[in-house]
1. Using the Cα centre of the chain as origin and beta-carbon charges of +1 (Lys, Arg) and -1 (Asp, Glu), tell me which of H47, A104, C141 is placed farthest towards the positive end of the dipole.
2. Find the all-direction average of the projected area of the Cα convex hull for the chain, expressing the result in square nanometres with one decimal place.
3. What cysteines in the chain have no other cysteine with a beta carbon less than 4.7 Å from their beta carbon?
4. Looking at the P(r) of the stretch 47-129, how many percent of alpha-carbon pairs lie beyond 16 Å?
5. Across the chain, where is the longest run that never hits trypsin sites (Lys or Arg not before Pro) in a DSSP loop with at most 14 other C-beta atoms within 10 Å?
6. About the Cα centre of the chain, what is the dipole size in debye to 20, counting +1 per Lys and Arg Cβ and -1 per Asp and Glu Cβ, all else neutral?
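All of the numbers you see were taken from the coordinates with simple rules; none came from a lab. Note that the coordinates shown come from a computational prediction; the quantities given were computed from them, not determined experimentally. FYI the Cβ positions are ideal-geometry reconstructions off the backbone, even for glycines, and counts take in every protein chain you see.
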Amino acid sequence: MPGEHQHSPAGVCTVIKNDQLEVEVNSGAMTRLAGVSESLTGSKGIHMAIATVPPGRCSTTHYHTNCESSIFVVSGEGLFLYGEKLEKSDDIHAGDFIYVPPNASHQPVNTSKTDDLILIVARNTPVELVVELSGLGRKDCV
């Protein structure tokens, strides 16, 4: 009928329970569990995970060649090291957001002696391509 709005078929939503999270590759002491991934939900343009950095520990220094990432600090405190030679550092705390463009070297560090640093990580690709930088960043916490 002319003027009638055509609707696309409705998509199927997926609820992933906390006991269904997908274990991802660890980066140094940082562990990641995906809740939205291509294998869990069929997502093609977004990926979301929860990362945990134990007290006094950190991820390896790395960058992602094929995606932007956004990070939300859920709890804890630490440092976010970044820059070509990780020459920049910002304190991070619960409630902070971090934007990481493609090819930007970075390393989250948990500075607490007692509490985990909990991060929600989202990126705009189902699979990230990571380059580890063994010669840069903090090595005393990996």
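1. It is C141.
2. Answer in nm², one decimal: 10.8.
3. Cys with no partner Cβ under 4.7 Å: C13, C67.
4. 48 percent
5. It runs 45-84.
6. 200 debye
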